[in-house]
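Worksheet: one structure, shown below.
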Amino acid sequence: MSSSSSVLDPRALESLLQNIKETQTLSGLDDIRISILGKKGLLTEHMKTLGALSPDEKRTQGAFLNSFKSKIEEALESQKKLLETLALEDSLKEVWEDITLPIRPSISGKVHPLTQAKEEVLSFFTKKGFSLEEGPEIETSDYNFSDLNIPKHHPARQMHDTFYLKARNPQNPEEALLLRTHTSNVQIRQFKTKKPPFRFVSIGPVYRSDYDNTHTPMFHQIELVALEKGLNMGHLKGLLTEFLKFFFDLPELEIRLRPSFFPFTEPSAEVDIGYSHKDGKIVLGKAENWLEILGCGMIHPNVISNCGLDPSEIGGFAFGMGLERIAMLKYGIPDLRSFFEGDLRWLNHYGFSWGTSPSLFGSVVP
Ligand code: DAH
């Protein structure tokens, strides 16, 4: 480009802008920038000629060159951004990762034994057609006690060492609020809001004011409920037997139902599993002794009618079981309190590797 005083043709702008838009590489863009705005670039050369112009020409040509310059700069910048975005997208395609894939076990944490036990329980019952249901941990005394056929002043209320809250039920200030003492509240919540038949399992925290080797103020319970026409104790026993053999992975596990009392079931039973002693350890299976593991029974007609259903039409069974208790027995964990201490050494020892946890789609335990 000569440093003549020739006026830059406005049409040149259009074709330069077009060139910029068609440039596909960052280095190509840089070449264009230098050829226009560089020391010896088209525009720079034209700027140099301004001095030779008359004041009027200088004003119009100067303004034209300035706007020419900013249009070129804008076009260069936006094309650069576009090319950079495309380059980023390309490189992301190459390093694309499936974040749903399990990470390498060597760098993963451990699955808490309670999570493991919960998944194992769920993998069994969901396959039997039970859904997973939840209920609130802050509960009214009606849902936790009265509707479950545990009236005021019933000794069972005292047995539960309940944590009462200062707050009252906003809908009924007569009624106390408390931390639920068992997961049986989920029965009432379900029966009062949905239509039979019911088949569900609920697993969650419950609270009782108690603390020693075998008690913590918070622990977890599993509640299982079936309410449909034609159910009897035989169905309950069959399901429990199958479940306990599956959970403890012991096809020969001996099981007995012992008559008991719960206000919300009639008849009621406690379930024991057989064990023997070997080298100072408890070995589950053969019944030299019995270990109580859960409570169960046929749902009391009063519970069914308290929820607005007709006990002459429909009946069912339920059981309640401590999650920590079955996890301790299965995985050989001696102290209940250790579950909640958050000690990483404990978790590394008793925890499970990622991916060995069974899921609703089946067990992947190697
Ligand atoms: N809710 C009882 C408790 O915490 C456990 C229980 C026993 C639940 C028998 C049930 C059942 O559903 O049938 O002590």
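Numbers below:
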{"read-out": "Residues located in the range 315-333, provided they are assigned to a loop (DSSP other than H, G, I, E, B) and either surrounded by 20 or more Cβ atoms within 10 Å (Cβ to Cβ) or in contact with a His (Cβ under 8 Å, 6 or more places away or on another chain) (or both)", "value": "none"}
{"read-out": "Selection within the range 285-301 - in contact with a Gly (Cβ under 7 Å, 6 or more places away or on another chain), more than 14 Å from the ligand (Cβ to nearest atom) and not charged (D, E, K, R)", "value": "G285, A287, W290"}
{"read-out": "Criterion (surrounded by fewer than 19 Cβ atoms within 10 Å (Cβ to Cβ), without any contact (Cβ under 8 Å) to a residue 24 or more places away in the chain, closer than 16 Å to L231 by Cβ and of a type outside the set (A, V, I, L, M)) met by exactly one of S312, S338", "value": "S312"}
{"read-out": "Of all residues in the range 229-272 being touching a residue at least 40 places away in the same chain (Cβ under 8 Å), farther than 16 Å from H300 by Cβ and hydrophobic (A, V, I, L, M, F, W, C), the one that is surrounded by the most Cβ atoms within 10 Å (Cβ to Cβ)", "value": "V271"}
{"read-out": "Selection within the range 19-37 - surrounded by 15 or more Cβ atoms within 10 Å (Cβ to Cβ) and outside any helix (DSSP H, G or I)", "value": "T23"}
{"read-out": "Flag for S312 being more than 14 Å from the ligand (Cβ to nearest atom) and modelled with pLDDT of 95 or more", "value": "yes"}
{"read-out": "I304 vs. criteria within 11 Å of the ligand (Cβ to nearest atom) and either touching a helix residue (DSSP H, G or I) at 6+ places or on another chain (Cβ under 9 Å) or closer than 26 Å to P196 by Cβ (or both)", "value": "no"}
{"read-out": "Inter-residue pairs, beta-carbon under 6 Å, first surrounded by 13 or more Cβ atoms within 10 Å (Cβ to Cβ) and in the range 163-187, second assigned to a loop (DSSP other than H, G, I, E, B) and of a type in the set (D, E, K, R), 6+ apart", "value": "R180/E137; T181/R208; V186/E133"}
{"read-out": "Residue that is nearest to the ligand (Cβ to nearest atom), among those in the range 188-228 that are open to solvent by less than 10 Å² (accessible area, probe 1.4 Å) and within 23 Å of the chain's Cα centre (by Cα)", "value": "E223"}
{"read-out": "Unique residue being at negative phi and touching a Ser or Thr at 6+ places or on another chain (Cβ under 7 Å) when the list is L53, L86, L92", "value": "L53"}
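The values are calculated or read from the model by the stated rules, or taken from the named source; none is laboratory data. Just so we're clear, the structure is a prediction, and the values are computed from it rather than from any experiment. Please note: Cβ atoms are built from the backbone with ideal geometry, for glycine as well, and neighbour counts cover all protein chains shown. Note: areas computed on protein heavy atoms with side chains; ligands, DNA, RNA excluded. Shrake-Rupley method; radii C 1.70, N 1.55, O 1.52, S 1.80 Å.
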